Amino acid sequence: MPPNFDQEPLLLTPFKLRSVTLPNRMVLSPMQMYKAKDGLPTDWHVQHLAKFAVGGFGCVFTEALCVDAAGRNTYGDMGVWSDDFVPALRKIAELLRSCGAVPAAQLHHCGPKSARQRPWEGYGPLGAADAERGDPAWQPLAPSDNAKAVGWHRPKKMTESDIAQVVEQFAAGARRCARAGFDMLEVHAAHGYLIHSFLSPLGNELGGRYGGSLENRMRFALEIAEAVRANWPEEKPLSFRLSCVDDSGNDSEGWQMKDTLVLARELKKRGVDIIDCSSGGIGLPPTARIVARSPMFQVPYAGQIRRECEGIPTMAVGLIRTAQEAESVLARGMADLVAIAREALFDPNWALKAAVELGGIDKFSAVWPPSYGWWLYRRARSLALAEQA
Ligand SMILES: Cc1cc2nc3c(=O)[nH]c(=O)nc-3n(C[C@H](O)[C@H](O)[C@H](O)COP(=O)(O)O)c2cc1C
């Protein structure tokens, strides 16, 4: 159906969470660049993130910020494990805000997938050759002492004191993100990393209070939610990214949508404002997946949570490619926000272009930064007149 330029596209409508208003519904999804130095962002990160704020995304997430050096995926991960990170993170938050986006940060611990090569170095566990060039492996933490897959590092099975320490690391990460001036915060509890590993019966082999029943497996995530909420300003929103299903090829035994619905309600009780709906990652290699990676394949998870969990807002993500697809997610009531990752790498102006595609060339003046939009509006008008002539 051709867009109706008389009607404001839903993607361009503001969205308020607590006292923070996103100027539109388009979110830059967190994306690790594997280019940090000792956890600190470099000029690469600054220009990378600024492009998306200038490119019209109403909210721009940093990549995952590891709450502990030992919780890094790779030596190139960004961190927030000490106060030393705050000034560099503040620079990013201020830059994003000055470009019109709500600056958002994501807190992370890789757990059993820690100590890994950068994607372009193999994406496998760090080995002898990596140690030789200065990247020695370390022992990951997990709720199990089984390696993720053959050849992967055997993790240390966490004790209650390890668990308490990581909860405190998330709390400290939240305090630092608040000091850096971010306006939204997300806890990464998806993709087979530490928190997801606790949630899923396929990742969690603990006994005692943190393993076994659903209630016990959720305990770590809920303690993190409480600790982060207590250390994050009351007026600012908190998001949780979940793998709504394990999608490991073994789903009758894994984490399922019914578990996600229980968890989402419990998170809401603890002051989580929005669920960012992803999936998968518990197993390696990812070929065990059974849900086809087709366009918008994760959107139904966001829709179901929104429908069945008493009005918890959701963020949809995953192979959402076009403005029309994103608009349809909102029009069908499947989510409140739409997060874009790889399409934005392909086209950092994705959000600005979506505004024009759905709202017509007046959006060059109304939405684009004037330094670009003033020219592009006139260019578009001349082209339209030339076509009519
Ligand atoms: C380069 C890259 C890095 C990523 N890093 C993160 C990350 O730091 N945290 C996270 O939650 N997801 C991460 N993801 C997943 C994306 O946020 C997103 O959920 C996924 O790519 C699906 O969305 P898309 O189809 O729009 O790319 C990453 C994805 C890519 C491509």
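The values are calculated or read from the model by the stated rules, or taken from the named source; none is laboratory data. Note that this is a predicted model, so its numbers are computed, not measured. All Cβ positions, glycine included, derive from the backbone under ideal geometry; neighbour counts span all protein chains shown.
Might you let me know whether segment 109-120 holds any residue that is assigned to a strand (DSSP E or B) and at pLDDT 95 or above?
Among the residues of segment 109-120, at least one is assigned to a strand (DSSP E or B) and at pLDDT 95 or above, which makes the answer yes.
Residues that are within 10 Å of the ligand (Cβ to nearest atom), in a loop (DSSP other than H, G, I, E, B) and within 27 Å of residue 373 (Cα to Cα) within segment 314-341 comprise 320, 321, 341, listed in sequence order. Within segment 353-389, being more than 30 Å from residue 300 (Cα to Cα), of a type in the set (Gly, Ala, Ser) and in a loop (DSSP other than H, G, I, E, B) holds for one residue alone: 389. Of the residues 292, 366, 344, the single one that is over 13 Å from residue 25 (Cβ atoms) and modelled with pLDDT under 95 is 292.
Within segment 18-33, being farther than 18 Å from residue 363 by Cβ and crowded, with 21+ Cβ neighbours inside 10 Å holds for 27, 28, 29, 30, 32. The requirement of being more than 27 Å from residue 173 (Cα to Cα) and assigned to a loop (DSSP other than H, G, I, E, B) is satisfied by residue 212. Working carefully through the options 20, 54, find the one that is under 19 Å from the mean Cα position of the chain (by Cα) and not aromatic (Phe, Trp, Tyr). Criteria check complete, one pass: 20.
If the condition is being of a type in the set (A, V, I, L, M) and within 16 Å of the ligand (Cβ to nearest atom), then segment 226-266 contributes 228, 238, 242, 245. Within segment 78-91, restricting attention to residues that are of a type outside the set (Phe, Trp, Tyr) and surrounded by fewer than 23 Cβ atoms within 10 Å (Cβ to Cβ), the residue that is nearest to residue 66 (Cα to Cα) is 82.
Within segment 125-144, the residues that satisfy the criterion of being crowded, with 17+ Cβ neighbours inside 10 Å, outside any loop (DSSP other than H, G, I, E, B) and hydrophobic (A, V, I, L, M, F, W, C) are 141, 142. Of all residues in segment 145-201, those being among the aliphatic types (A, V, I, L, M), buried (at least 24 other Cβ atoms within 10 Å of the Cβ) and at pLDDT below 95 number 0.
Filtering segment 342-352 to residues that are surrounded by fewer than 18 Cβ atoms within 10 Å (Cβ to Cβ) and either among the small types (Gly, Ala, Ser) or in a loop (DSSP other than H, G, I, E, B) (or both) leaves only 347. Kindly indicate whether residue 186 is assigned to a strand (DSSP E or B) and either under 19 Å from residue 69 (Cα atoms) or more than 18 Å from the chain's Cα centre (by Cα) (or both). Yes: the conditions hold for residue 186. If the condition is being hydrophobic (A, V, I, L, M, F, W, C), under 24 Å from residue 226 (Cβ atoms) and surrounded by 22 or more Cβ atoms within 10 Å (Cβ to Cβ), then segment 303-323 contributes 305, 315. Scanning segment 216-242 for residues that are assigned to a helix (DSSP H, G or I), more than 15 Å from residue 177 (Cα to Cα) and among the charged types (D, E, K, R) gives 217, 219, 223, 226. A search for C-beta distances below 6 Å between a residue of segment 356-381 that is aliphatic (A, V, I, L, M) and any residue that is outside any helix (DSSP H, G or I), counting only pairs 6+ apart in sequence or on different chains, returns 358/3; 358/9; 380/361.
Quickly run through segment 122-132 and pick out the residues that are out of contact with any Pro (no Cβ under 8 Å at 6 or more places or on another chain) and either away from the ligand (no atom under 14 Å from the Cβ) or at pLDDT 95 or above (or both).
122, 124, 125, 127, 128, 129, 131, 132
Checked against (1) farther than 22 Å from residue 39 by Cβ; (2) in contact with a helix residue (DSSP H, G or I) (Cβ under 8 Å, 6 or more places away or on another chain), residue 150 meets all criteria but (2). Of the residues 296, 257, the single one that is out of contact with any strand residue (DSSP E or B) (no Cβ under 6 Å at 6 or more places or on another chain), in contact (Cβ under 8 Å) with a residue 24 or more places away in the chain and at positive phi is 296. Residues in segment 26-68 that are out of contact with any Phe, Trp or Tyr (no Cβ under 7 Å at 6 or more places or on another chain) and either assigned to a loop (DSSP other than H, G, I, E, B) or within 10 Å of the ligand (Cβ to nearest atom) (or both): 15 in all.
Yes or no: segment 81-95 includes at least one residue that is within 12 Å of the ligand (Cβ to nearest atom) and modelled with pLDDT of 95 or more. No, segment 81-95 has no match at all. Once segment 54-77 is narrowed to residues that are among the aliphatic types (A, V, I, L, M) and crowded, with 24+ Cβ neighbours inside 10 Å, the residue that is nearest to residue 188 (Cα to Cα) is 64.
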